[in-house]
Amino acid sequence: MKNILLEEFSPLCDIQAFVEEDESGVYFYLWDYPGQEHANIRSCWVRNYGPAPETLDFSAMEDGNAPMLPRDCCAHPQGAEKLDPDELSIVWLTEGDAAALLYQDEVLCVIPGWAGQQADGSSYPAYARDCIAESPFCFPLGTPDTNALFARIEAARQFWASWDENPWPDLQHQYLDAITATLGPVKNYYGIDGGHWPPKALVTVEKGEITYAVTLGVSIVPQPKVELYTESPEQLRRFELAFACETKWLAANEKQLLAYISGQTTLPWSYMTFLAQGHTIPCQEISEVDSRFTSMLLAKPQSAPALAFPTVYGDPVNLLWMIPITSAEQRFAEENGSEALIRLAAGTEAEWIFNGMEKWIR
């Protein structure tokens, strides 16, 4: 008989965490996109409740049961005591796509963002305290001296605790100072978080014939999966979005464009991915205004205004300018790489300001 000891949803991503117990032991699971067609379950063995088998129990897996960890991988080969559900807790890492299971405030196991089946077919196990040798179900968790995940778990605990004091007013002030110092006074301020955490906003600044739209608060939380693609994730994991266009153009299309920009601030956590320089994203809202434009290029043009955003929890904030591109420019980026399109754009005056016209490829 299976028993759910604890369950909880990620504060950021569509992930359900749960701890499941049966007569043979306990597993910790992260269920990505629960109930959806593309759902995926990541798992980590926690402990055996009885004598460990000598080898993997394939028959248990074929019957749909969670297998016990083999004897040579198990710190308690004769079985460990049952867990008290009241002593269990979950700590979500700050990206929202990974979590640790704690028992009496000690880390039992952790399922990092890279655990589970990857797009290239590879699979990476999670980490468990009571595992002493590598297995298909988990790797040894080790100690704070040997595994950097301990530091990340502690940093996450401190991060979530810091919001008990609500640091948003101070952060909001710093973001606004950075925007107004470079672009000028804010004309409109829109809350775009829908009353949900984290707090986010979108402001517009009208500067003569050009109007700027800039987000603030998106960078409070780091993006998922960045560490799978770079050895310096702290340089890429936080961003804000900016859009610049002729004032008269935005005045005619403001509602759909600002709604679109707002919607993209949740994209990394909705799809468990990340946005960075050179990425392109679909933009149906702009194609409905002008069918020539189908996507947005995210870029960091050298000639664009540099906003001195504060470092957020020690990380720099990347300001990604959204530049509407045509279907031909999108194809060019797909065939030659986005960086080639950015290099092409670099020779254009004020390429980051949209005026309703194609810029580079017709």
Next on the checklist: Which residue, Pro125, Asn253, Gln264, has the largest displacement toward the positive end of the dipole of the chain when charges sit on each Cβ (Lys, Arg +1; Asp, Glu -1)?
Outcome noted: Asn253
Checklist entry - Ignoring ligands, DNA and RNA, what accessible area per residue does segment 271-362 give at 1.4 Å, in Å²? => result 48 Å²
Checklist entry - Which of the lysines could a cross-linker bridge to Lys225, judged by Cα under 22 Å and excluding same-chain residues fewer than eight apart? => result Lys200, Lys300
Checklist outcome for this item: Per GNM of the chain with C-alpha springs under 10 angstrom, the most fluctuating residue out of Asn40, Asn253, Asn166 is Asn166
Next on the checklist: Using a 1.4 Å probe on the protein heavy atoms, what percent of the accessible area of segment 209-309 belongs to carbon and sulfur?
Outcome noted: 47 percent
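With every protein chain present, what is the per residue accessible area of segment 1-74 (1.4 Å probe, Å²)? Each step should come with its number before you reach the end.
On the way: 3640 Å² over 74 residues.
The answer is 49 Å² per residue.
Would you work out what percent of the accessible area of segment 1-104, with all protein chains in place, is carbon or sulfur (probe 1.4 Å)?
The value for segment 1-104 is 48 percent carbon and sulfur by accessible area.
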Checklist outcome for this item: Rounded to the nearest 500, the 222 nm mean residue ellipticity computed for the chain from DSSP H runs (n ≥ 4, each -39500 (n - 2.57)) alone is -6500 deg cm²/dmol
Checklist entry - Magnitude of the Cβ-charge dipole of segment 265-347, K/R +1 and D/E -1, about the Cα centre, nearest 20 debye? => result 180 debye
Checklist entry - How big is the Rg/Rh ratio for segment 211-362, C-alpha atoms only, Rh by Kirkwood, two decimals? => result 0.94
Next on the checklist: On a straight-distance basis, which lysines could pair with Lys82 in a cross-link, Cα separation under 25 angstrom, same-chain partners fewer than 8 positions away excluded?
Outcome noted: Lys2
Next on the checklist: Quick check: net charge around Asn40, other residues with Cβ under 14 Å of its Cβ, Lys/Arg +1 and Asp/Glu -1?
Outcome noted: -2
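The values are calculated or read from the model by the stated rules, or taken from the named source; none is laboratory data. Note that this is a predicted model, so its numbers are computed, not measured. Ideal geometry is used to build each Cβ from the backbone, glycine not excepted, and the neighbour counts take in all protein chains shown. All accessible areas refer to the heavy atoms of the entire protein, side chains included, with ligands and DNA or RNA removed. Shrake-Rupley method; radii C 1.70, N 1.55, O 1.52, S 1.80 Å.
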